[in-house]
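Working notes, structure below.
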Amino acid sequence: MKLLLHICCGPCALFPLQQLRGAGHEVTGYFYNHNIHPYQEYARRRDTAIQMAEQAAMPLIVQDDYDLEGFLSHVAATPDQRCSYCYTSRLQSAGQAAANGNFEAFTASLLYSRYQKHDEIRALGERIGNEYGVPFYYQDFRPGWQEGIRLSKERGLYRQQYCGCIYSEKERYLPKKEG
């Protein structure tokens, strides 16, 4: 199957790519992550995704759109719901790219992370797939968490320390108040 893999970052794509290719799929990567903050982090993750794609000989489409203002305008009033917006906007872009590129299905490396909401990602992916006429391919890649970490370290890829948005950066680095 000709499959488009939305990539949130290079390290998180390694295990899903390995699994998808192992199942006989022809995989093209798709990088679109307008939510990452600050810009230097965005650029570093974009460049690492490109590096990983080159190492893995995987075609990669880069939607190089750093839209901090758009992201913030959608989540500032309800930051506790930011992940839903983030999933929707990125899967929407991937679904549209899959339809435009005549892919047979699309999926996301978000499904590799133990920190993401799989049920929500799956439901959104299926809804968006129906909207664009391209099925969302669901696979739980979480069992390969440690293998993906090992592979990324072996390849010398930059590994980020937070999900990506300004709120997750705050949660990662700001000490929690004792209470």
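Each reported figure results from applying straightforward, stated rules to the coordinates on display, with no laboratory input. Please read all numbers here as calculations on a predicted model, not as lab measurements. Glycine also receives a Cβ, built like all others from the backbone with ideal geometry; neighbour counts cover every protein chain displayed.
Some notes on this structure:
- Separation of region 32-95 and region 121-139, taken as the distance between their Cα centroids, equals 18 angstrom.
- Helix-only CD estimate at 222 nm, as mean residue ellipticity for the chain, using -39500 (n - 2.57) per DSSP H run (n ≥ 4): -16000 deg cm²/dmol
- For Val62, the residues whose amide H sits under 5 Å from its own are Phe31, ignoring neighbours fewer than 5 places away on the same chain, with H placed 1.01 Å from N.
- With R₀ set to 22 Å, the beta-carbon distance separating Arg142 from Ser84 gives a calculated FRET efficiency near 0.65.
- Separation of the Glu171 and Asn130 label points, Cα + 7 Å toward Cβ, nm: 2.8
- Stretchable slack from Val62 to Met1, in nm (0.36 nm times residue separation minus alpha-carbon distance): 19.9 nm
- Of the DSSP H helices in the chain, those whose Cα atoms cover at least 15 Å axially and whose Kyte score averages 1.6 or more: none
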